[in-house]
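Throughout, read-outs are computed from the coordinates displayed, never taken from laboratory work. None of the values given here were measured: they were computed from a predicted structure. Glycine also receives a Cβ, built like all others from the backbone with ideal geometry; neighbour counts cover every protein chain displayed.
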Ligand code: GDP
C-alpha cells in the first residue's frame, strides 16, 4: 500500500520518543528532524514539510511537552492531529441533489480520470439511486472514448459519445441537452488529459466549464505523483478553480507524498480515493483514518478489539496488578503465553503493534513447540521458583533440567525469555489504545 515506508519511519521515530522518560529540547529537535526526513523521503512537497514541522514544533512547545510525564503520547497525538489537519479535517461529500448535478473530471493523462468517472457513475447509480450519464469529451484519444463506452456497457450506464471528429465543447453542449431530455440527473464529463499541462488543453477545459457550469470539478491525481504535484495541482486550480481532488492508485506501493501535499496546495478537499482497478474500488476519503493508517494506529485498534474478544479479562487484570506490584512470575508468563496463543498466529499479532521489533523467524509451529517446552520446564519448578525465578541457581537449574528432560541451556533460555517478557508486559501494560502506542512510564 501507499505510505508503507513513510508509515514505518514515522512509527519508528515516534516509538523512540515514547520510550524516552522525558523529552528534552535536544531530543525533540532530533525527532522533528527525523519526521522531516521521513516526509521528504515520502516525496511530500518540501514547503508542506516545512510548515508541518513548524506547526508541530509550535504545538509541542505550546503544550509544554518538554519535561511532561508522558511526552511520547503527547507528541504522537500532536503529529496525528497535524496529519489530520494536513489531510482535511472532515469527510467531504458531493451533493447530488441538483438536477442535473454536473461533475467534470480533469487531470493529467493516465491519472485515472476515465476509470474514476466510471467508478463514480457506478457508486451513484447503486448507492444514491441516480441516473447518471457519462460524457466522452476526450476527443484526442480514440481509445479513451472506447474505454468509456466499455465502462458504460459494464455498468449499464449510458455514455454520450460522438467519436473524435467533433469538438469537445460541442459534444458537451449536446450531452447537456441529451441529459435533460433523458432525465439523467448526474452528468459526469470525462475530459482530455495530457502528459503535461499545456495552454490549449486549459483553454478547452475552461470552455467546457463555461458551457456545462459544473457543480464539481474534480482533479484526479495518482498517488505516484511526487514533487510535480505542486505544478499540476496549482495550474489546474488557477485555471479552473477545482472543487475537490480524487487520489487514485492508493493500492500501489507509491510513497504517497502527493497525497499529503494536495490539500495544502489547493485548499480543496480530497473527495474520493481509488484503491484498485475494479469499478467498485472507490471510497470516500476519511482524513482521520488515513492519519491512523500512516501512524499505524488502525491496527492497534483492531488488536485491542481482538485481545478484548479472546482474553480472559479477570485473569489479565490479575496479571497486570501483580506485574504492577512487582510480582510478575513464571506462572503469569505461562498464562500470558497460553492466552496469547489463543489469539491466533503470533507473528501476525506482533506485527500489529507499532514499533514492535520484527521477529522474522517466528512461525506457528515454533510457537506451539515453544509453549510446550516452556510448560514442561515451568511444571518442573517449585512454587517458590515460579514466583521468584531469581532464586534459581545452578543446582536448581540442574534439578529442573533433569525433571523435564531438557538441558541447562533450555532453562537459561526460558529465564532470559522471562526477563524479556517482563519488559514486554510492562510495555503492553502501559499501552494506551487512545494514543495507540506502547509507552513506557519513567
Ligand atoms: P486517464 O488517462 O486519466 O483517463 O486514466 P485511466 O482511467 O485510463 O487510468 C489509467 C490506468 O490506471 C488504467 O490502467 C487504470 O486501470 C489504472 N487505474 C485507475 N485508477 C486506479 C486505482 O485506483 N488503482 C489502480 N491500481 N489502478 C488504477
message = If packing is taken as the average number of other Cβ atoms within 10 Å across a peptide's residues, how do 396-407, 206-217 rank, most packed first?
response = 206-217, 396-407
ask   = Any idea how far apart residue 234 and residue 253 come out in nm if each label point goes 7 Å out from Cα toward Cβ?
value = 3.3
message = Looking only at segment 133-282, where both bridge partners belong to it, what percent of the DSSP beta bridges are antiparallel (to the nearest 5)?
response = 5
ask   = Quick one: length gained pulling residue 98 to residue 391 fully straight, 0.36 nm per residue minus the C-alpha distance?
value = 97.7 nm
Relative contact order (percent, whole number), segment 101-284, Cα cutoff 8 Å, 6+ residue spacing = 27
query = Based on the Cβ-Cβ distance from residue 338 to residue 128, what FRET efficiency comes out when R0 is 41 Å, to the nearest 0.05?
reply = 0.25
request  = Would you please put 120-130, 237-247 in order of how densely packed they are, using the mean number of other Cβ atoms within 10 angstrom per residue and starting with the highest?
outcome  = 237-247, 120-130
